[in-house]
Amino acid sequence: MPGHDVVVTGLGLLTPAGIGAAASWAGLCAGRPTAATDPELAGVPVDFSCALPDFTPEVLLGGRLVMRTDRFVHMGLVAAREALDDAGISPADWDPQRVGVVIGVSTGSMEAWAPPFASVAAGCHEEVSPFVVTRTLPNMAAAEISIDLGAQGPSLAVGTACASGATAIGVARDLVRSGTCDIVITGGSEATRVPIVATCFGQAGALSRRGHDPAGASRPFDVHRDGFVLGEGAGVLVLERAEHARARGASAAPVGLSGRAVTPPKARIRAVLTGYGASSDAHHFAAPHPEGRGAELAMRAALRDAALAPDGIDHVNAHGTSTPRNDLAEAFALHRVFRTPPAVTANKSVFGHALGGAGAIEAVCTVLTLQEQLIPPTANLEHPDPQCDLDVVTGSPRQARVRAAMSNSFGFGGQNAVLVFQTP
């Protein structure tokens with residue numbers, strides 16, 4: 001039964017700005033960068049990051065579960081539980097075989113490998129935990145969420161580098177649209193604050209070296225940008241077949257985090273996911289196409305899928321990594337697709353770059369922009385790059401009429417994913 005409308009009925013969010021969607025959104029709208037010196041990265045040339053504040057997985061999930069799983073799984077589980085609660089759905093009330101889980105992960109769990117590698121190198125094989133493999137596999141975020149919630153439909157891991165979270169949402173949308181699932185819990189999760197990850201990205205020249213001013217380091221579209229800042233977090237959405245959502249009483253009445261709800265808060269349709277476009281640069285293993293040709297293809301594909309002309313988009317949540325080449329390539333692509341691009345924001349200026357989790361985090365924020373009719377500001381944009389020439393929201397949130405919004409995500413290997421959300 002292809003062609004089903006796919007709606008967003010629940011949101012879960014963990015970011016360096018706060019634990020939970022409300023706290024994260026408040027921090028994002030305040031435009032407060034979260035980057036700071038990170039004790040976990042002591043001794044690494046780039047020793048700052050954006051870390052989750054006061055995240056206590058043992059309290060939220062229980063000690064036994066936390067012991068056998070890793071941080072990217074912890075974050076995904078907490079975000080999934082919040083999203084399901086936000087949707088007002090109980091696993092007791094669904095057909096478990098019609099519920100899927102699709103979670104994007106990029107690097108997975110590199111920190112868990114260092115101790116067993118050292119033990120094996122020293123010949124101390126008995127010191128290696130039997131949980132090392134099961135806690136590090138990228139599919140374990142989706143697997144543990146499906147176990148936790150009792151979802152028996154397809155459970156998938158998606159890996160498209162920094163586009164993983166957005167690609168996962170697109171794949172999940174297709175599972176619902178095709179009629180395979182009634183509900184899919186989807187998004188992305190990533191724990192990046194690991195010495196080996198920071199060292200590798202630093203050696204590649206991808207990270208900002210603004211160690212004297214970590215809070216000012218992530219500055220998308222600024223002429224003085226010099227690289228991204230590692231972040232971490234998870235974003236999860238509940239996607240649902242529109243007929244299924246309405247049958248359980250979900251309404252499209254305006255609802256947001258600001259208390260404007262006029263319908264029961266446990267039965268709401270936050271947005272419609274109308275467009276998904278994916279493409280490959282087919283250009284370079286790490287660098288984007290210098291003119292953003294692959295990004296352009298994905299944006300145009302998402303617009304076609306949503307049956308929208310470019311002027312139907314009111315806002316773009318940019319990939320906006322704060323690297324010289326990525327921001328410029330994205331700007332070039334935006335100008336070709338839109339001629340005069342709509343208002344742009346870049347969440348990584350506040351959250352840092354959560355790699356495989358970033359696209360999902362930004363998708364949640366894009367849905368909240370539709371709900372609140374409020375575009376969060378981009379932090380640290382002090383000297384806009386004239387080559388980008390974009391209407392980037394800065395300083396304070398911008399109240400705007402946003403009927404349709406685009407969320408861009410681009411990854412190493414030239415893998416691109418673009419989502420289009422519209423008001424219900």
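FYI, it's all coordinate maths here, none of it is from the lab. Note that the structure is predicted; figures quoted are calculated from it, not measured. Positions of Cβ are generated from backbone atoms using ideal geometry, with glycine treated the same way; all protein chains shown enter the neighbour counts.
Among ALA309, VAL238, ILE375, which residue has its Cα furthest toward the positive end of the charge dipole of the chain, with +1 on Lys/Arg Cβ and -1 on Asp/Glu Cβ? Of the candidates, ALA309 comes out farthest on the positive side. Between THR37 and VAL133, the distance separating the two model label sites (each 7 Å from Cα on the Cα→Cβ line) works out to 4.2 nm.
Enumerate the residues in the stretch 154-168 having an amide nitrogen under 14 Å from the point lying 7 Å beyond the Cα of ASP174 toward its Cβ. Under cut-off, by backbone N: 156-160, 166-168. Can you name the helices of the chain, as whole DSSP H runs, whose Cα span along the helix axis is 18 Å or more and whose Kyte-Doolittle mean is not below -0.5? Passing helices, by number: 71-87, 164-177, 293-306, 324-338, 358-372. Separation of the stretch 356-381 from the stretch 112-165 is 29 Å, based on Cα centroids. Rounded to the nearest 20, the size of the Cβ-charge dipole of the chain about its Cα centre is 800 debye, with Lys and Arg at +1 and Asp and Glu at -1.
Between the C-alpha center of the stretch 207-246 and that of the stretch 40-100 there is a gap of 18 Å. Estimated from helices alone, the mean residue ellipticity of the chain at 222 nm is -9500 deg cm²/dmol (sum of -39500 (n - 2.57) over DSSP H runs with n ≥ 4, per residue).
I need the shape label for the stretch 121-267. Rule: rounded when a/c is under 1.5, else prolate if a/b > b/c, else oblate, with a, b, c from the alpha carbon gyration tensor. Oblate is the answer for the stretch 121-267, as a/c is 1.5 or above yet b/c matches or exceeds a/b. For the stretch 383-395, backbone phi angles converted through the Karplus equation (6.51, -1.76, 1.60; θ = phi - 60°) give residue-by-residue couplings of 9, x, 5, x, 6, 7, 6, 10, 7, 8, 6, 9, x Hz, Gly and Pro being listed as x.
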